[in-house]
């Protein structure tokens, strides 16, 4: 009851700008999850090999890396709102082309276009939400992005189940699966048109009147003073700027943290589970296709529910404590899973493997899933926040590409024993503990301006 009341209060606080602002995460998750159910069907329909199927799945990551890197400088110049609208248009185009693809290369091109959209949204949204949110709620509001990602993944799994073996109007089921992404893409476009511009971007560009107007709208149900907040933003905006050079001087510690935390978020294996979980149970344990997709739905529900929990409690504990807890849970669950699959009979490990993957998802969804995106939106100075978030997001997509491209290859190398790939992911979970302990700063409760001034003082 208490949880429900608290969640309702939080959701009222997440008014229209925050909810629509996070819709980029919904598309991110939907296009991540939808391919897991569609890829075995595409592989069969187009008579593809394992390498080709893996490349179709991971080709979206090529576009995502380019989109993430390219959108940052544009966002710093033209604003967050306009680029979110552009991302929505790319989502619509990529979803349409993937639905009507006629072979391997047309599907790859469609997925790369989708990747441009996903990468742009992943770089824009965390910074945008961080710039809209008050300091005391920035963790929870920033976690909206990850919550939308998990909701998108869950909706994708439900779409996969709904269309599986239903060739409506003579159109193959996997085409309906991929085409269903048009609905959330249209929602993002509508949301983008309704959203305000970031008040910090407006202040940076000298439009203090409009910045104050947006802040008054965002803070009308809080005790924060918009005028005082604007004064703090303008004071930091007066600090000397070095352009891109600032990234490698004042902001260098932030760059290291952003790249490291986003690479590790992928190297612990999360998206290989999201993309290929049906393949794991089909090839590793001999499950039927429909049963394997149902397992994905169950994991998607765990991912979504735990992220709701993270949203509610995010601002009650330090970021570093969350990250360390998640690393320990992931390392233990992955390590046990790997040992079990190498030492026990395959028929007796299927159910324990499901349970341990669920525990692993819990560890990720309560910590590394949301906090990595929150951090890259808050640790960079205002003048380079767009490009800084882009670098972090691009590192995430590069790590995602590497893991996704080689997961099925690793699985085949270990003779379809899932213990092999998961042992590798367990090693990176252990490495993540040391990274958090020694390099990640604590940002909970600090305004973006306080975080920036801390960076500037460290650089002196």
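List the residue pairs whose Cβ atoms are under 9 Å apart, where the first residue sits in the range 38-52 and is without any contact (Cβ under 8 Å) to a residue 60 or more places away in the chain, the second is exposed (fewer than 14 other Cβ atoms within 10 Å of the Cβ) and not in a helix (DSSP H, G or I), and the two are 6 or more positions apart or on different chains.
43/49
Check whether at least one residue in the range 431-444 is in contact with a helix residue (DSSP H, G or I) (Cβ under 9 Å, 6 or more places away or on another chain), surrounded by 18 or more Cβ atoms within 10 Å (Cβ to Cβ) and modelled with pLDDT under 80, and report yes or no.
Scanning the range 431-444 turns up no residue that is in contact with a helix residue (DSSP H, G or I) (Cβ under 9 Å, 6 or more places away or on another chain), surrounded by 18 or more Cβ atoms within 10 Å (Cβ to Cβ) and modelled with pLDDT under 80.
Return yes when residue 94 is surrounded by 20 or more Cβ atoms within 10 Å (Cβ to Cβ), modelled with pLDDT under 80 and in a helix (DSSP H, G or I) and no when it is not.
For residue 94, the condition - surrounded by 20 or more Cβ atoms within 10 Å (Cβ to Cβ), modelled with pLDDT under 80 and in a helix (DSSP H, G or I) - is not met.
Just checking, which of 172, 137, 219, 200 is modelled with pLDDT of 80 or more and surrounded by fewer than 24 Cβ atoms within 10 Å (Cβ to Cβ)?
Every option except 172 fails the conditions.
Taking the criterion of being assigned to a loop (DSSP other than H, G, I, E, B) and either modelled with pLDDT under 85 or surrounded by 23 or more Cβ atoms within 10 Å (Cβ to Cβ) (or both), would at least one residue in the range 149-160 satisfy it?
no
Could you tell me whether residue 103 is touching a residue at least 40 places away in the same chain (Cβ under 8 Å) and out of contact with any strand residue (DSSP E or B) (no Cβ under 6 Å at 6 or more places or on another chain)?
Yes, satisfied.
What do you reckon, is residue 214 modelled with pLDDT under 80 and either farther than 30 Å from residue 452 by Cβ or assigned to a helix (DSSP H, G or I) (or both)?
no
Take the residues of the range 411-429 that are part of a helix (DSSP H, G or I) and surrounded by fewer than 17 Cβ atoms within 10 Å (Cβ to Cβ): which is modelled with the highest pLDDT?
427
From the list 241, 227, which one is modelled with pLDDT under 80, closer than 23 Å to residue 381 by Cβ and exposed (fewer than 15 other Cβ atoms within 10 Å of the Cβ)?
Selected residue: 241, the only one of 241, 227 that is modelled with pLDDT under 80, closer than 23 Å to residue 381 by Cβ and exposed (fewer than 15 other Cβ atoms within 10 Å of the Cβ).
The values are calculated or read from the model by the stated rules, or taken from the named source; none is laboratory data. Being a predicted model, the structure only gives us computed values, none of them experimental. Neighbour counts run over all protein chains shown; Cβ positions are idealised from the backbone, glycine included.
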